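Engineer: So that we are looking at the same thing, I have put the structure below in structure tokens.
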Amino acid sequence: MNSAFSGQVDEVQQMKECLKELSSDTSDKDGVERKEKALELLADLCENLDNASDFCKLGGMDLMLNCYLSCPEAELRWRAANLIGICSQNVPFVQEMALSLGAVNKLLKLVDLDSNEAVRIKALFAISCLVREQEAGLADLVKLDGFSVLMRAMQTDILKLKIKSAFLLQNILISHPEYKSTLCSMGMIQQLVSLLRTEHSSFHEHVLSALCSMTTDFPQGIAECREPELAFEDFLRERCQMIQKQEEYQEELDYCERLLKMCFRDHSEDNGMDR
């Protein structure tokens with residue numbers, strides 16, 4: 001194994017030696033540490049797209065998905081999820097292989113249920129790499145109720161997981177606006193608005209961004225934002241007042257003002273005429 005870290009052998013050989021170590025049965029402390037190092041080296045090597053493809057041809061993706069995502073050591077699980085994501089970025093061959101092995105289903109379960117924060121965050125990173133600009137991956141996400149998993153992730157107290165979930169949702173809404181109707185029927189707008197009533201944080205900017213996408217050129221989304229029980233117009237006006245002089249919240253302020261303009265400008269005028 002030592003030669004895999006020496007920098008004196010070619011990269012395919014290094015990957016083979018890493019996979020040999022990862023396929024061994026050692027589970028003592030030293031063995032786990034060697035496996036951690038092997039996963040870290042593979043993550044570095046697979047930043048190269050050719051290496052990422054070769055890693056899969058050598059059986060690496062199969063090993064990650066069928067052994068390492070479910071191993072008892074969280075340090076190995078999160079490194080495996082991270083490696084799956086790195087390999088899958090912008091490499092259709094790798095994405096297709098991972099998807100054929102049921103990657104989205106396994107990763108969604110980790111995001112939803114794993115006891116370790118780092119595992120959940122890295123699993124979401126891997127999902128993002130498999131579904132963005134990848135139609136088959138996104139189809140898997142939708143079929144496996146991945147939108148509900150993203151919503152539950154946004155309801156956790158893990159800030160990084162919350163932000164990454166909202167960011168992925170926003171990305172999907174921009175690239176696939178046809179899912180707005182599906183999300184509305186799930187109560188996504190009500191859920192997003194309720195998230196804004198939690199303690200103020202940088203996460204709120206991403207929630208507001210998703211709400212902007214849910215309402216842009218989508219009358220059903222606008223109508224749901226206007227539901228009286230949400231009191232969303234009042235919330236937006238109060239939030240604008242709260243953050244308008246704080247430069248670090250400028251983007252959040254912009255989203256609030258956009259939502260007021262899209263959802264409530266005509267609505268307020270109508271109410272004024274009624275009065």
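The values are calculated or read from the model by the stated rules, or taken from the named source; none is laboratory data. Since the structure is predicted, the reported quantities are computational estimates derived from the model, not experimental observations. Cβ: placed from backbone, ideal geometry, glycine included. Neighbour counts: every protein chain shown.
Engineer: Being more than 24 Å from residue 164 (Cα to Cα) and under 26 Å from the mean Cα position of the chain (by Cα) narrows it down to one residue among 50, 30; which is it?
Structural biologist: Values: 30 fails: under 26 Å from the mean Cα position of the chain (by Cα).
50 is the lone residue from the list that is more than 24 Å from residue 164 (Cα to Cα) and under 26 Å from the mean Cα position of the chain (by Cα).
Engineer: Just to check your reading of the model, which residue among 85, 137 is of a type in the set (Gly, Ala, Ser), out of contact with any Cys (no Cβ under 6 Å at 6 or more places or on another chain) and assigned to a helix (DSSP H, G or I)? Step through it out loud before you land on a result.
Structural biologist: Numbers: 85 fails: out of contact with any Cys (no Cβ under 6 Å at 6 or more places or on another chain).
Going through 85, 137 in turn, just one is of a type in the set (Gly, Ala, Ser), out of contact with any Cys (no Cβ under 6 Å at 6 or more places or on another chain) and assigned to a helix (DSSP H, G or I): 137.
Engineer: For the range 248-261, indicate whether the set of residues that are polar (S, T, N, Q), surrounded by fewer than 15 Cβ atoms within 10 Å (Cβ to Cβ) and either modelled with pLDDT of 95 or more or within 28 Å of residue 137 (Cα to Cα) (or both) is non-empty. Spell out how you get there, then give the answer.
Structural biologist: Of the range 248-261, the ones polar (S, T, N, Q) are 250.
Okay, now just the ones that are also surrounded by fewer than 15 Cβ atoms within 10 Å (Cβ to Cβ), so 250.
So of that shortlist, the ones also either modelled with pLDDT of 95 or more or within 28 Å of residue 137 (Cα to Cα) (or both) come out as 250.
Checking the range 248-261: at least one residue is polar (S, T, N, Q), surrounded by fewer than 15 Cβ atoms within 10 Å (Cβ to Cβ) and either modelled with pLDDT of 95 or more or within 28 Å of residue 137 (Cα to Cα) (or both).
Engineer: Of the residues 149, 119, which is out of contact with any strand residue (DSSP E or B) (no Cβ under 8 Å at 6 or more places or on another chain) and assigned by TED's automatic domain parsing to the domain that holds residue 80? Working first, answer last.
Structural biologist: Numbers: 149 fails: assigned by TED's automatic domain parsing to the domain that holds residue 80.
On inspection, the qualifying residue turns out to be 119.
Engineer: Then there's this: Give me the residue from the range 190-224 that is without any contact (Cβ under 8 Å) to a residue 40 or more places away in the chain and part of a helix (DSSP H, G or I) and, out of that set, surrounded by the most Cβ atoms within 10 Å (Cβ to Cβ).
Structural biologist: Looking at the filtered set, the residue picked out is 192.
Engineer: Considering (1) over 19 Å from residue 118 (Cα atoms); (2) surrounded by 13 or more Cβ atoms within 10 Å (Cβ to Cβ), say which one residue 71 fails and leave the rest.
Structural biologist: (1)
Engineer: Just for the range 25-49: of the residues that are among the small types (Gly, Ala, Ser) and at pLDDT below 95, which one is surrounded by the most Cβ atoms within 10 Å (Cβ to Cβ)?
Structural biologist: Taking the range 25-49 and keeping what is among the small types (Gly, Ala, Ser), we get 27, 31, 38, 43.
Checking which are at pLDDT below 95 leaves us with 27, 31.
Numbers: 27: 11, 31: 13.
It comes out as 31.
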